[in-house]
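Everything below concerns the one structure shown next.
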Amino acid sequence: MNAIHISSFAPSRAKGIKELFVEDFDLYCTALSALQWRKLGGSITMCCDSFYAEYYERIGFGKVWDSISCNIPDDIEGIDPKMFWAGAKLLALKKADAPVVMIDTDFIVWKLPEFKDEIIAAHREELSEDIYPDLSFFGAENHIIPDFSESVLPLNTAFLYIPDNDFKEFYTSQAIAFMKNAKRCDDYLKYMVFAEQRLLAMCADYTNTPVKTLLDKDSLFFPQDSYTHLWGAKQAMRDESELRKEFIDRCKRRILNDFPKYSYLIDNIERTGR
């Protein structure tokens, strides 16, 4: 099964950050996410802009993926990169050929799900007003199809499998149109998760495309044997050095035991991450 990772420096550049930097625990997770997917028999491409392509090559990550495709523009025309900080995911997905899996770099698949003619997402999310407001929040000119259901629960896309090109084209076109036509504001959460996650669920419901999820939304914080998602643990590791060290040590052992020919990554990350 073909998969893609996505990295874009545009959101950070839009905030005035001039130097691209990835934290050590994130680099370890990225490497294991790609290597483990390949171990399970899949292929994976890093889709990125020129900044990340140069960065990954410079830190010796070039062979982590089957290939690095510099197919994300450095400046995403018509889309505010601060407001739509994950917009590159939708652009990369639009260019990919289905069936395809999109995996966040902080998500590791230890056991493959069964791929059928259905969408597979990480999990459902609740329709809480502070994250997923009523559609009127986005204004009258929101380019949302009127017949979309407002009650369907959003789908988290830390992992997303799309089985066919017709649905992929419909979903990504709807999401990209929404991002390009959205009224510019300083709300960097509600707009992005609507475009990426709620629209996905709405498009699936509208087209009667079946959906299954990897995780139960009510037990996301329970230990999961088949998947690892750093998610909120990132901030915990920034705040607590022992948690950070414990996670990194586990990643090092996993690389040495399962991917010994990539052991050089440990030294590379130690030199570049912090």
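All of the numbers you see were taken from the coordinates with simple rules; none came from a lab. All of these numbers come straight from a predicted model, not from anything done at the bench. All Cβ positions, glycine included, derive from the backbone under ideal geometry; neighbour counts span all protein chains shown.
Quick notes on this one:
- Those residues of region 1-23 which are assigned to a loop (DSSP other than H, G, I, E, B) and over 27 Å from Pro99 (Cα atoms), in sequence order: Lys15, Gly16, Ile17, Lys18, Glu19, Leu20, Phe21, Val22, Glu23
- Listed by position, the strands (runs of 3 or more DSSP E) contained in region 34-142 that have at least 3 residues being under 17 Å from Ser7 (Cα atoms) and among the acidic types (Asp, Glu) form an empty set.
So that you can scan it fast, the table gives a plain yes or no per residue for (1) more than 23 Å from Ile79 (Cα to Cα); (2) surrounded by 14 or more Cβ atoms within 10 Å (Cβ to Cβ); (3) among the basic types (Lys, Arg); (4) in contact with a helix residue (DSSP H, G or I) (Cβ under 9 Å, 6 or more places away or on another chain):
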{"position": "Ala121", "(1), (2), (3), (4)": "yes, yes, no, yes"}
{"position": "Phe137", "(1), (2), (3), (4)": "no, no, no, yes"}
{"position": "Tyr161", "(1), (2), (3), (4)": "yes, yes, no, no"}
{"position": "Cys185", "(1), (2), (3), (4)": "no, no, no, yes"}
{"position": "Tyr206", "(1), (2), (3), (4)": "yes, yes, no, yes"}
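- Test: residue in region 170-181 that is farther than 21 Å from Glu77 by Cβ and surrounded by 13 or more Cβ atoms within 10 Å (Cβ to Cβ): yes
- Here the condition is being under 25 Å from Leu112 (Cβ atoms), of a type in the set (Gly, Ala, Ser) and in contact (Cβ under 8 Å) with a residue 24 or more places away in the chain; of Ser173, Ser226, it holds for Ser226 alone.
- Index of the failed condition, Asp26 passing every other in (1) surrounded by 20 or more Cβ atoms within 10 Å (Cβ to Cβ); (2) in a helix (DSSP H, G or I): (1)
- Taking each residue of region 35-60 that is surrounded by fewer than 19 Cβ atoms within 10 Å (Cβ to Cβ) and looking for partners that are among the β-branched types (Val, Ile, Thr) with beta-carbon atoms closer than 8 Å, six or more apart or interchain, yields Arg38/Ile44; Leu40/Val109; Gly42/Val101; Glu57/Ile68; Ile59/Ile269; Ile59/Thr272.
- Conditions (1) surrounded by fewer than 18 Cβ atoms within 10 Å (Cβ to Cβ); (2) within 28 Å of Phe178 (Cβ to Cβ): number failed by Glu19: (2)
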